[in-house]
1. Please state the charge dipole magnitude for the chain, taken about the Cα centre, from unit charges on C-beta atoms (+1 on K and R, -1 on D and E), reported in debye and rounded to the nearest 20.
2. In terms of Cα to Cα distance under 27 Å, which lysines are near enough to residue 48, apart from those fewer than 8 places away along the same chain?
3. Calculate one ³J(HN,Hα) per residue across region 50-67 by plugging θ = phi - 60° into the Karplus curve 6.51 cos²θ - 1.76 cosθ + 1.60, and present them in order as whole Hz with x for glycine and proline.
4. For the chain, which whole percent of the accessible surface, found with a 1.4 angstrom probe, sits on carbon and sulfur atoms?
5. How big is the dipole moment of region 120-186 about its Cα centre under a simple scheme where the beta carbon of each Lys and Arg is +1, that of each Asp and Glu is -1, and everything else is neutral? Debye, nearest 20, please.
6. Quick one: helix 127-151 against the long Cα principal axis of the chain, what's the angle to the nearest 10°, folded into 0 to 90?
7. Just to check I understand the Karplus step: with θ = phi - 60° and J = 6.51 cos²θ - 1.76 cosθ + 1.60, what whole-Hz values come out for region 32-48, glycine and proline as x?
8. Normalised by the empirical 2.2 N^0.38 Å for globular proteins, what value does the Cα Rg of region 102-213 take?
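The values are calculated or read from the model by the stated rules, or taken from the named source; none is laboratory data. Please read these numbers as outputs of a predicted model, since none were measured by experiment. Counting neighbours? That spans all protein chains shown, and the Cβs are built from the backbone with ideal geometry, glycine included. We work out accessible area using only protein heavy atoms, side chains counted, and drop any ligands, DNA or RNA first. Shrake-Rupley method; radii C 1.70, N 1.55, O 1.52, S 1.80 Å.
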Amino acid sequence: MPRSKEDNQKIREERIKGIKHATIRVYVSKGFLGTQMDDIAKEAGLAKGLLYYYFKSKIELFQYVFNSLMDKAFQFSQAQTSEERNLEQSLEAFIHFFLSSAFERPVYPLVYKMLPEDLSHVFPDNAQEMQQAFFNRFNKPMIERFRSAMDRGEIPEGNPMLKALLFTSGVLTISHLIASKPSITEGKDQEQVIEEMKQQLFHGIFGRGNRSE
């Protein structure tokens, strides 16, 4: 019995999803310049010809993957900085997500650390535009959240962009360190490590571990 149009679409979506995840794994291991389509096809368990059926070139594939990752970062940043939460709750959710990922899905902290450095390779014709787009998608919601928190007196006055960038870069640096060097947390409880890092990061924002203390 021939497959229906819906079945074919489902197969296509699953294959593209598999290709995306395989690309991320190979990219984290070899970097953009070291990654070849052969590597991705092998990692995805596909014939090379089938990989080229979905993506005509390495650049096209990486542009799809990078755009997908940037969209995901934007959606996450917006969700974690919702005005329904106070600033402390938003920052705690942000910290917990990234540090938990470093323990449980270490490929993602690594890929988000590498991605900005390779935008010029993946988008050679509009690298500057894409770098600005990534900055806006990932950081702008957090900057606006810090600004509104200052307006409401949740935190001391200051430069909201600087405070937001110091916070997000601190979280990303810690998550990247945990993901790339798991031995530094060997034998330590995951939640304990996250709590310790949260207290350190909160000290720089609120002047102490958290505002409820």
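1. Working: 28 positive and 28 negative charges, 136 e Å.
Dipole of the chain, to the nearest 20 debye: 660 debye.
2. Residue 48 reaches 5, 10, 17, 20, 30, 56, 58.
3. Computed from phi, the couplings for region 50-67 are 5, 4, 6, 5, 8, 9, 6, 7, 4, 4, 4, 5, 5, 5, 4, 5, 5, 4 Hz.
4. Working: 5990 of 11810 Å².
Result for the chain: 51 percent of the exposed heavy-atom area is carbon or sulfur.
5. Details: 7 positive and 7 negative charges, 20 e Å.
With only Lys, Arg, Asp and Glu charged at Cβ, the dipole is about 100 debye.
6. Computed tilt is about 30 degrees.
7. 5, 5, x, 8, 10, 4, 4, 4, 5, 4, 5, 5, 7, x, 10, 5, 4
8. Working: Rg = 16.4 Å, N = 112, 2.2 N^0.38 = 13.2 Å.
Here the answer is 1.24, to two decimals.
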